[in-house]
Amino acid sequence: MGQTRRTLEGRVALVAGGTRGAGRGIAVQLGAQGATVYVTGRSSRGGGRSEYDRPETVEETAELVTAAGGYGIAVVADHLVPDQVEALVGRIEAEQGRLDVLVNDIWGGERLFEWESPVWEHDLDKGLRLLRLAIDTHAITSHFALPLLLRERGGLVVEMTDGTAEYNADRYRNSFFYDLAKSAVLRMAFALGHELGPRGATAVALTPGWLRSEMMLDAFGVTEATWRDALEKVPHFAISETPAYVGRAVAALAADPEVARWNGQSLSSGQLARVYGFTDLDGSRPDAWRYMVEVQDPDRPADTTGYR
């Protein structure tokens with residue numbers, strides 16, 4: 001995919017959960033290709049906040065979409081509230097008459113799961129809330145948005161998760177609740193592939209690699225400009241990628257006239273970079289999941305040679 005071409009002129013996207021992180025990166029890169037992008041979230045300049053209680057806002061993301069060359073529209077919405085999601089889709093229908101791309105990126109669970117705590121020790125209310133944020137939100141959004149997306153053939157649904165189906169199949173992912181949440185989203189894409197494929201649309205699951213999100217950078221006490229300073233303490237962070245990288249993956253999928261070849265599959269940003277030819281902002285192509293299997297998980301010394 002040529003990264004300076006505007007391949008999505010006239011296309012309409014909804015990035016559900018686009019305030020920060022991967023969602024923001026996806027929204028901006030869709031905008032860079034000329035798309036109209038509705039961006040939703042609970043964190044707003046009007047005072048709303050998610051569990052993260054961070055400064056990023058949905059309005060800020062929409063402005064970045066417009067600055068990138070698209071048309072960003074911020075909508076404050078809680079995707080656990082069906083009436084709000086129904087109203088959101090009704091607004092898109094009234095204003096655009098179509099929906100070409102749905103990105104289900106709602107999450108918000110990092111501060112709810114307890115790292116490697118077994119289910120009987122994990123706070124139950126937090127665990128159940130995490131599952132609602134990760135699973136119910138995606139189901140509610142798909143329920144209301146897919147009839148509009150199916151009005152024209154060629155629509156794309158991207159279910160955002162952490163880990164490929166292959167990687168997650170035989171690895172414990174941090175806690176009972178986190179593992180269940182991420183596996184469920186992978187299965188959603190598989191199920192949607194069966195339901196959408198015969199109707200002319202495509203569904204995929206997509207994972208970034210080790211993401212340099214705003215929260216991750218803050219956790220390591222670095223910025224995007226200084227992220228390599230974290231390598232002294234966390235050497236494998238060398239394989240990390242910006243949110244723009246997975247954003248370019250979604251833009252490439254949305255522009256692909258043969259995107260149906262991926263229907264129902266689990267994909268990663270690094271995998272798609274090899275197919276479509278896009279790069280991260282620094283011109284590299286990090287392949288984090290292959291790196292984790294071959295270098296990080298076997299506890300080998302950090303070395304990204306051949307992986308980016």
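The values are calculated or read from the model by the stated rules, or taken from the named source; none is laboratory data. Quick caveat: nothing in here was measured; it's all calculated off a predicted structure. Here the Cβ positions follow ideal geometry from the backbone for every residue, glycine too, while neighbour counts run over all protein chains shown.
Any idea which residue in the stretch 154-170 is modelled with the lowest pLDDT, counting only those that are more than 14 Å from the chain's Cα centre (by Cα) and part of a loop (DSSP other than H, G, I, E, B)?
Restricting to residues being more than 14 Å from the chain's Cα centre (by Cα) and part of a loop (DSSP other than H, G, I, E, B), the top hit is Asp170.
Could you tell me whether the stretch 234-242 includes any residue that is under 30 Å from Leu196 (Cβ atoms), touching a residue at least 12 places away in the same chain (Cβ under 8 Å) and out of contact with any His (no Cβ under 7 Å at 6 or more places or on another chain)?
Scanning the stretch 234-242, I find at least one residue that is under 30 Å from Leu196 (Cβ atoms), touching a residue at least 12 places away in the same chain (Cβ under 8 Å) and out of contact with any His (no Cβ under 7 Å at 6 or more places or on another chain), so the answer is yes.
Answer yes or no: is there a residue in the stretch 10-33 that is surrounded by fewer than 21 Cβ atoms within 10 Å (Cβ to Cβ), of a type in the set (A, V, I, L, M, F, W, C) and out of contact with any strand residue (DSSP E or B) (no Cβ under 6 Å at 6 or more places or on another chain).
No, that holds for no residue.
Is it the case that Val85 is more than 24 Å from Ala249 (Cβ to Cβ), touching a residue at least 60 places away in the same chain (Cβ under 8 Å) and crowded, with 20+ Cβ neighbours inside 10 Å?
yes
List the number of the failed condition for Thr7; all other conditions in (1) in a loop (DSSP other than H, G, I, E, B); (2) surrounded by 20 or more Cβ atoms within 10 Å (Cβ to Cβ); (3) among the polar types (S, T, N, Q) hold.
All conditions pass for Thr7, except number (2).
Among the candidates Ala169, Ala201, Ala181, single out the residue that is touching a residue at least 40 places away in the same chain (Cβ under 8 Å), of a type in the set (Gly, Ala, Ser) and under 22 Å from Glu116 (Cβ atoms).
Ala181
Just the residues that are of a type in the set (Lys, Arg) and within 23 Å of Leu272 (Cα to Cα), please, taken from the stretch 174-222.
Answer for the stretch 174-222, where residues must be of a type in the set (Lys, Arg) and within 23 Å of Leu272 (Cα to Cα): Lys182, Arg187, Arg212.
Failed condition for Gln29, given (1) over 18 Å from the mean Cα position of the chain (by Cα); (2) of a type in the set (S, T, N, Q); (3) assigned to a helix (DSSP H, G or I), with all others met?
Every listed condition holds for Gln29 apart from (1).
Taking only the stretch 218-250 into account, find how many residues are part of a loop (DSSP other than H, G, I, E, B) and not charged (D, E, K, R).
The total comes to 9.
Taking the stretch 270-308 as the region of interest, how many residues are outside any helix (DSSP H, G or I), of a type in the set (Val, Ile, Thr) and surrounded by 15 or more Cβ atoms within 10 Å (Cβ to Cβ)?
Number of matching residues: 2.
For the stretch 105-125, state whether one or more residues are touching a strand residue (DSSP E or B) at 6+ places or on another chain (Cβ under 6 Å), surrounded by 14 or more Cβ atoms within 10 Å (Cβ to Cβ) and outside any helix (DSSP H, G or I).
For the stretch 105-125, residues touching a strand residue (DSSP E or B) at 6+ places or on another chain (Cβ under 6 Å), surrounded by 14 or more Cβ atoms within 10 Å (Cβ to Cβ) and outside any helix (DSSP H, G or I): present.
Checking the condition of a type in the set (A, V, I, L, M), crowded, with 17+ Cβ neighbours inside 10 Å and over 19 Å from the mean Cα position of the chain (by Cα), which residue from Ala230, Ala251 passes?
None of the others qualify; the one that does is Ala230.
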